[in-house]
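Structure first, then comments.
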Amino acid sequence: MVHLGQVATDKEIEDKSNVNVGVQELGIDDSASGQFSTSVYGSRYAAFDLPRHEMPEDEMPKEIAYRMIKDDLTLDGTPTLNLASFVTTYMEEEAEKLMVEAFNKNFIDYEEYPQSADIQNRCVSMIARLFNIPAHDANTNAMGTSTIGSSEAIMLAMLAMKKRWQNKRKAEGKDISKPNIIMNSAVQVCWEKAARYFEVEERYVYCTKDRFVIDPEEAVNLIDENTVGICSILGTTYTGQYEDTKAINDLLVAKKIDVPIHVDAASGGFVAPFVCPQLVWDFRLEKVVSINVSGHKYGLVYPGVGWVVWRDPEFLPKELIFNINYLGADQASFTLNFSRGASQVIGQYYQLIRLGKKGYRSIMLNLTRTADYLAASVQKMGFLLLSETRGRGLPLVAFRLNPALGHKFDEFAVAHHLRERGWVVPAYTMAPHSEGMKMMRVVVREDFSRSRCDALISDIQMAVDELSKMDEKKLELQKEHMKQRARRGGKGGGKGTNSHYADESHSLKGKHKKTHAVC
């Protein structure tokens, strides 16, 4: 028993925690009002770790559960300082209200929530027309669907290409056992997943130390009778560059090769049409049959929404569509997921009609100006620029240390220093066959203001200056510190969730030590 004036030992505290302490002793009122009289931090819950592996036997007051979880989440980084991610971190209050009001709507239940379903169709049509889909009747919806993100969208598009190829081969009495798809080795990991999950051979056009986008001729030369399609990326994850979809299309047309193109416009689909409208990459090209885009990137919606649209229903085989009626009405479904909330779709519709083309254009041009300003600043510091400027690529800045300057530290050391200042600026190795090139990348999002950009520029310069003053011994100590931090799993100290599979050798990362830049 602990008496007043004594300091409780850890054992006494542990023993006390295992006793079913009464609510009166805690100063907590367990009445219907649900109120409690003591401070959150005066309760017994504040003295112990949150449950990690097993659901607790007893309940706790809602105020304490909220505060304990909120405090736990402070170990996460600050979203606005996370310059590694393309994902939207700001939306207007009115959009947030609409999304909160739709939290309890199961989007897939078209009978109960027909208006939400119609809003999805409106978004699909608006996005398809933004991508210059061939003329449709004014009252006809384009063929497409919302998804959880571009990963699901890409998987649906690959399934459609594979099934269409299989149907064609079956009709010709040919083998359908060895489908393949052609893509740049700098693809986002979801392409590797899609190919692996759906048993499609991956054929890569590898990057070089001077080229980080797909080579159109090399891509077309990889085609054989088993090729289901070619992926072209509108804004690569690594450098933000737009791949030359038109060149691929023109080669296919000139050589009379019947292979479709899918454009992965996850990041660039809401940028290029407004900043670089003269760039031809979309349905204006006859070989482009499907396009995906992430609503939660430059579509300006919080995480959890993507889109995929098809040129024409003929490119989405009917056998992939499922008609169901067990939610009360006949409905067609083509998704990998089923039940999900309507909030993100409604958030996308809000942004499309709230901003319109003029609003999106203004935002994307501002982001481009800020990215160009940052690019010029890092170049002045002596970094080599790897991304495009003046709207020829995504509004991001990819850069590396100049080897000619003979720095004794690398990009990972700079990123570590920036993280100590609160910034999350990723350092990573480029895709395979680029000679292990290291680089850094800053994604310029809507909430990355010029003043915040100036603060980052100052901190990058400070990091370089401090690292330049360190001798080899101090630099080695810092490397060891970085390794220890990585082993601890960042601020939270958690272990990797997939540590059981750390030695896999089937992915690009497993084969080539490729680092997948954060999306």
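Bear in mind these aren't lab numbers, they're just calculated from the coordinates by the rules spelled out. Worth saying up front: this structure is predicted, and the values here are computed from it rather than measured. Glycine also receives a Cβ, built like all others from the backbone with ideal geometry; neighbour counts cover every protein chain displayed.
Report the calculated FRET efficiency for Asn167 and Glu92 (r = Cβ-Cβ distance, R0 = 56 Å), to the nearest 0.05. Computed FRET efficiency for Asn167 and Glu92 comes out at 0.80. What the Cβ-Cβ distance of Arg421 and Met60 gives, at R0 = 25 Å and to the nearest 0.05, is a FRET efficiency of 0.10. Taking the Cα centroid of the range 146-162 and of the range 248-326, what is the distance between the two, rounded to the nearest whole Å? That distance is 10 Å.
Ranked by Cβ crowding within 10 angstrom, fewest neighbours first, how are Glu218, Glu472 ordered?
On the way: Glu218 14, Glu472 9.
Sorted ascending by nearby Cβ count, the order is Glu472, Glu218.
Potential lengthening of the chain between Leu385 and Asp447 amounts to 20.0 nm, from the contour at 0.36 nm per residue minus the alpha-carbon distance.
Calculated FRET efficiency, Met470 to Ala254, Cβ-Cβ distance, R0 = 51 Å: about 0.35 to the nearest 0.05.
Among the trypsin sites (Lys or Arg not before Pro) in the range 34-129, those placed in a DSSP loop whose Cβ has at most 15 other Cβ atoms within 10 Å are Arg52.
When Cys190, Cys231, Cys276 are arranged by Cβ crowding within 10 Å, least crowded first, meaning fewest neighbours, the order is Cys276, Cys190, Cys231. Just to be sure I understand: of the beta bridges DSSP finds with both ends in the range 93-350, what percent are antiparallel, rounded to 5? Bridges in the range 93-350 are about 50 percent antiparallel. The mean sequence distance of close C-alpha pairs (under 8 Å, at least 6 residues apart), as a share of the length of the range 93-350, puts its relative contact order at 30 percent. Exposure proxy ranking for Glu202, Glu435, based on other Cβ atoms within 10 angstrom of each Cβ and starting from the fewest, stands as Glu435, Glu202.
For the modelled label position 7 Å from the Cα of Asn106 along Cα-to-Cβ, which residues of the range 341-383 have backbone nitrogen atoms closer than 14 Å? Output list for this probe position: 341-342.
The label-point distance for Lys70 and Asp312, in a model that sets each label 7 Å from Cα toward Cβ, rounds to 5.7 nm. Spacing of the modelled spin labels on Ala247 and Gln461, each 7 Å from Cα toward Cβ, amounts to 3.7 nm.
In this simple spin-label approximation, Ile353 and Asp210 carry label points 7 Å from Cα along the Cα→Cβ vector, and these lie 5.2 nm apart.
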